[in-house]
Each structure stands twice: as structure tokens, then as C-alpha cells.
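One structure is given here, and the rest of the page talks about it.
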Amino acid sequence: MAKTPTAARGSGYTDNEILDIYERNKTIVYRVCFAYMKNPNDTEDAVQETFLRFIKAAPALQGAEHEKAWLLRTASNLCKNRLRHWWRRRENIEAHEMVSDTQEIEINEVLECVLRLPKKYKTVVYLYYYEGYDSAEIARMLRKAPSTVRNHLHEARNILRKELGGDWE
Amino acid sequence: MKNQRIIDAWNKIAPSDAANRQLQNSLLTRNQAVRKSAKKTLWQRRLAPIASLALCLAAVAALALVFANSGGEQVYTAQLRGGTLRFFRSAQSSQQTFDFGVDVLMRDLTAQETGLLFGDLDIQAEGYFSAVDGSAMHIEGRGGNIKILFGLQGNALTDTVIETERTSSQINGVSVAAGYFITNKNSRGERNIIYIASFDRGDASIYVECGGSLQESATLRMEIGKVVEALTSSEAPSIADMEYLLPGLYRSGTNLLESASVNLQSDHTFVLFGPAVISYAPHGSYALENGKLILRSGGGELYLFTPDADTLIFESGAWLENWIESGSVFTLTETEAADTK
């Protein structure tokens, strides 16, 4: 496992450290942001902003998992805030097709359904089903009560079962 | 076993090579700027943005007086009971440093807190509190087209700066700076207008924003006018008195015989009750320290919780951990009754 340097607040990271952190976490952060933003352009903006905040905050971390948790919490909160802003409410993102000028992303039926889940379920569903974390680990990463995470998973499964059928554990 | 269909679907989601390169370059540029800034002394980092903002506002105020007399772009007004609110057109928005400087805890405001800050306005609000000591730093309220921010005076309220050539209006004796900004056309060929107003009251700086279609400009102007009227005519708020921890009774379960509870009081004292078989009920003082709730009993015991909005997650503590599992959630079941005078 790559060693994560611990940086005290204010001292910052070297360029190589930042690139390492980005490479380790870019895909998971991208996928979480995509779950909210649903198109590559806005997703890339959100990913960039997440890592820029990391650079600015230079948090004192205790390993790669702590680093990932910090980035995921920041990405989720940032995306939720952006979606709440008034000019996004006016746009009604749900009505837009998911197209990109620069990149085509294949969205199948399952992913469409996951992307339609309520905001509060998205990160939890991604971390549980894709990344393989259990509910206790997710609770610690997102700083939520374990009961909240279990409730969110339960409700998300109900929605997925209803829309897609099949067995969702 | 996790569902393979979701795994297969997500495998296709990843940044493109071009996006990767662009992101890496952007991060390196920012990192170099941050490291350069980190070499300045602490007081220079803290004072520089405040000093430059003060200079900016002074220059803008001077320009605004000239601008108002020069017959330039349109100045909108809203006639309120408390005065005439004038909105000057802005230039373009930019970004400024918006950083609390400490880790923060966030929760929704209670109905009582919302009422104290926003009065009868139909607003949902959330608060950002210092994880160091639980004190309030920033409040964000939204309702319809309106966004209202409260922050401690001297701190930036938002990361977007709309450069306005604006001067103050006097509304209910409060000096209010107001402006508006018109966006470029969106994908549907429509333009939007954003009205803003900012002023100080009590220990807070207040920022109000109201935006929508340019065609609804007059309606939006009156909407922000009503909000400014309400906030300048009500009692001055004190956000320094607000705290992250909500006083009240937190219970670990619904079974009264097996559950434990902790009563947090607004004077920062507590009483802790174990399951019914335990007669011992320690009491003492509590504090939020670096994101953790620490209860210190008069007998020298320590109990540690992680607060999360209206719940407390038990971590460890003296005899209690023999009865209540670490990770148990104590939920706020009764808030402390408000004092009546």
C-alpha cells in the first residue's frame, strides 16, 4: 500500500505527493461525482474542485483510507451544494440528456437507476456495492451514524428492487 | 454478496485521458501557488485577504459615488417601508478565498434557531460550527429564490464575489449595500439576474441573494426587498451564542430498561443515566473539543461521544462501556425547554 505522507495544516504537499494522491483516488472521486452530476463536464469540474480543496486544506491524515474518506466526504458535499444552487434548480438537470462534448460515457439501465436515486443514497450505494465497504466502514468514512447508513442502504435497495427487479442484498 | 450488475455498470465510468491531463495540470498549478503562499508568515496570510478586501471596498465605494453621478448603467430600486433600496449593476463575478480555517461540523438549524435568525421568513437553514469548540461560524438559509448567509463579522461569506459598483442605502437605519448581476445566455437562450444585498447586524455579516429569470426581474427585486426589510427591522441576531450541540435528552434505545441516556443542559452540565439496573448517575460538565463530545464527571470519569447533528455516537467511557456497546447511537428525544421570562 502506498505510504501517505502526513502533512500538518499549513505545510502543504509536494507536487509528487499531490500527483500520487490524485492517481490513487481519481477514479473513486470521479465516480462519486458522476453519480450526482451525471455528465462528464460537470463531473470533471467537481473532481477538480474536490482535489483543489484538498490542496488548500492540506489535512493531517492517518493513511490512505483516511485520505479517501476525506476526499469522498468533500466530493459528496460539494456536489450536493452545487445541485442545490438556484441556477441549477432552474435548469432542471433531470430533463437533460447525458451528453458530453468531449467524452461519451455508456449508461446502462442499472446505472441510470442508480443515478436517479435520491442524493443522500448515492455515495452510500456506490461505496457499498462497488467499493465493497460495509455499513460500519461507510459510516466512519462519511461521519454518519451506522443506523443512518443501514437505513439508506435498505431504502435504496427497495428502490432498485422495484425498478430493476432481481435480488439486491 | 454485492450485486455484480452495479459493479459492471460502474466499471465503465472513469475520467478520459484528456480530462486526466487537464486535471493534473490544474492541480499542480494550484499546489505551487499554495506552497508559495504557505511561506508567508501567519499574520500576512490572515491579514492580506482582509486588507485587500477593505481596499477593494473602499475603492469600489469611491467609484460608486462617481458612477452614480455619471448617468451610467441602470440603477434599480425597491421602495421599502424602511427606506429605498438601490441596486447598482455589477461587473463580473470572481472567486475569493472562502475557507473556515478549521474543520467544521454541519447540521440543520432547529425551528427555534431558524425563527430567531429569520423571523417569519419561510427559510430552511443549516449551520456550520467549529469542530474545535462547537461555536457557530456560518449559517446558510434557503427558501424559494432566496439565499441568506450569516457569518461572523470579518469573515468571507461566500466564495463568489460579484464586483458591484454600489453604494449604501439606509433601510431601517441599517446601511445596506446592494447590486445586481446579469448572466450570459444559457443553453436555452435565456438570461438570469441575481440581486444581492449585504449588511451587518449584531455580531453577524449578512448576505442576501435572489436570482431568477431576467423577465421576472421586478418580482425578484421586490422579493429581496422584503427579505432585507424583514432582516433589518427585526432584533439584531447573535450567532456567537449558537452552538453545534443541542441541549436535551439523548437516549440509546427505545427499551427504557436497557437503554442509557445522557441529558445535556444548556449551561454545559450533564447527567448520565445507565440502564435501569444501574443506580449510579454521574454528572459534571461537557465540552466539544476537536469534533468530540467529552463528558467529565465530578468523580473524574471521562465519557467520549462523536456528535452527529441530533445524535451522539458512544465511543468509550468508564463503567458505561460495560453496558453499552461502542458505536451505539444516542438520539435526541427531548430538547431542553426554552426558558420563559
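Using only protein heavy atoms and a 1.4 angstrom probe, determine the accessible area buried between A and B, summed over both sides, in Å² to the nearest 100. Separately minus together, A and B give about 5000 Å² buried. Our Cα-only numbers for the stretch B:162-260 put the radius of gyration and Dmax at 20.9, 65 Å. With the largest listed first and rounded to whole Å, the semi-axes of the equivalent ellipsoid of the stretch B:97-147 from the Cα gyration tensor are 22, 13, 7.
What's the average, rounded to a whole number, of partner chain beta-carbon atoms within 10 Å of each residue's beta-carbon in A:15-28?
3
Spin-label model, B:Gln22 to B:Gln4: label points 7 Å out along the Cα-to-beta-carbon direction sit 3.6 nm apart. Distant-in-sequence amide contacts of B:Ser238, defined by a placed amide H-H separation under 5 Å and a gap of 5 or more residues or a different chain, comprise nothing. Using a simple spin-label model with points 7 Å from Cα along the Cα→Cβ vector, what separation in nm is obtained for A:Thr14 and B:Gln153? About 4.7 nm, to one decimal. Averaged over peptide A:47-56, the number of partner chain Cβ atoms lying within 10 Å of each residue's Cβ comes to 5. Cα centroid separation, the stretch B:13-37 to the stretch A:12-53: 9 Å.
Only one residue of B:Asn255, B:Ser316, B:Leu302 has its Cα farthest out toward the positive end of the dipole of the stretch B:252-323, where Lys and Arg carry +1 and Asp and Glu -1 on Cβ, and that residue is B:Leu302.
Report the gain in length on full extension from B:Gln74 to B:Arg296: 0.36 nm times residue separation, minus Cα-Cα distance, nm rounded to one decimal.
Result: 73.8 nm gained on full extension.
Taken along the Cα-to-beta-carbon direction at a fixed 7 Å, the label points for B:Ser175 and B:Ala318 span 5.3 nm. Taking amide H as placed 1.01 Å from N in the peptide plane, the amide H of B:Glu289 sits under 5 Å from that of B:Ile294, each at least 5 places away or on another chain. Note on B:Leu121: accessible area approximately 40 square angstrom, rounded to 10, probe 1.4 Å, nucleic acids and ligands left out.
The length gained by stretching the chain between B:Ser326 and B:Ser233 to full extension, at 0.36 nm per residue less their Cα-Cα distance, is 28.6 nm.
Which FRET efficiency, nearest 0.05, do B:Ala281 and A:Ser147 yield, Cβ-Cβ r, R0 30 Å? Efficiency for this residue pair is about 0.75. Taking all protein chains together and a 1.4 Å probe, the residues B:His283, A:His152 rank B:His283, A:His152 from largest to smallest accessible area. What would the Debye equation give as log₁₀ I(q)/I(0) for the stretch B:252-338 at q = 0.14, 0.25 Å⁻¹, counting only Cα atoms as equal point scatterers? At q = 0.14, 0.25 Å⁻¹ the computed log10 ratios are -0.43, -1.54. Across all Cα atoms of the stretch B:208-280, the radius of gyration (one decimal) and Dmax (whole number) stand at 23.2, 68 Å.
Suppose accessible area is computed on protein heavy atoms with a 1.4 Å probe; arrange B:Leu152, A:Leu142 from highest to lowest.
B:Leu152, A:Leu142
About its Cα centre, the stretch B:228-341 has a charge dipole of approximately 300 debye under the convention of +1 per Lys or Arg Cβ and -1 per Asp or Glu Cβ, with nothing else charged. With a Förster radius of 51 Å applied to the C-beta separation of B:Asp267 and A:Leu83, the computed FRET efficiency comes to 0.80. Summing charges over all other residues whose Cβ lies under 12 Å from the Cβ of B:Ile206, with Lys and Arg as +1 and Asp and Glu as -1, gives -2.
The values are calculated or read from the model by the stated rules, or taken from the named source; none is laboratory data. Note that the coordinates shown come from a computational prediction; the quantities given were computed from them, not determined experimentally. All Cβ positions, glycine included, derive from the backbone under ideal geometry; neighbour counts span all protein chains shown. Each accessible area value is taken on the protein alone, full model and side chains, heavy atoms only, with ligands, DNA and RNA left out. Shrake-Rupley method; radii C 1.70, N 1.55, O 1.52, S 1.80 Å.
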